[in-house]
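Taken together, the values in this text are just the output of simple stated rules run on the coordinates, not laboratory data. Quantities reported herein were computed from a predicted structural model and do not represent experimental measurements. Because the Cβ atoms are built from the backbone with ideal geometry, glycine has one as well, and the counts that use them run over all protein chains shown.
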């Protein structure tokens with residue numbers, strides 16, 4: 001299950017376990033030539049500015065924004081405890097251009113949200129996450145809902161039973177020290 005704000009008579013946190021779950025099979029990520037070219041313009045870092053990433057994802061000007069201050073506080077605490085992580089994309093001037101964040105448990109990465117300020121920056125973050133997950137032999141990238149944007153990148157919907165079977169296998173995996181990248185890039189993922 002994952003939390004999300006629901007608009008009832010007053011906003012409240014709801015817990016969701018969709019009948020059809022969005023997942024991105026690691027071998028199915030669609031990387032276009034444009035995305036590859038864009039990746040050369042950026043530098044990717046892990047866990048160097050988690051609060052900045054989640055705050056950008058929470059920008060109230062974004063359509064259907066649901067990330068409240070309480071979410072930022074809770075996920076920042078998960079980050080401090082080593083469970084939540086961010087993938088950050090910086091441009092050549094050292095400015096944060098895009099990124100994503102989510103929660104990792106053994107072979108599972110549950111993606112929560114992503115943002116971009118510059119072309120393809122969130123896609124570069126996703127490409128890097130998939131590479132790190134492959135290097136660490138992780139197996140399940142949960143994207144919650146299969147939106148049109150995520151489907152264009154290779155995400156698919158699976159039913160709850162198939163999801164729960166994949167989840168069980170991912171949670172059984174032992175957690176390596178890092179996601180397969182140099183430890184200097186991954187200070188909080190051990």
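Take peptides 96-102, 168-174 and line them up by average Cβ neighbours within 10 Å, highest first, as a rough protection proxy. Before the final figure, lay out the partial values.
Numbers: 96-102: 26.0, 168-174: 12.7.
Peptide ranking by packing, descending: 96-102, 168-174.
Quick check: from the Cα gyration tensor, does the range 19-175 come out rounded (a/c under 1.5), prolate or oblate? Here the range 19-175 falls in the rounded category.
Work out how much length residue 80 to residue 174 would gain on full extension: take 0.36 nm times their residue separation and subtract the Cα-Cα distance, in nm to one decimal.
Numbers: separation 94, 0.36 × 94 = 33.84 nm, distance 2.10 nm.
Gain in length upon complete extension: 31.7 nm.
The simple Förster model, with R0 at 35 Å and r as the Cβ-Cβ distance, assigns residue 156 and residue 73 a FRET efficiency of 0.60.
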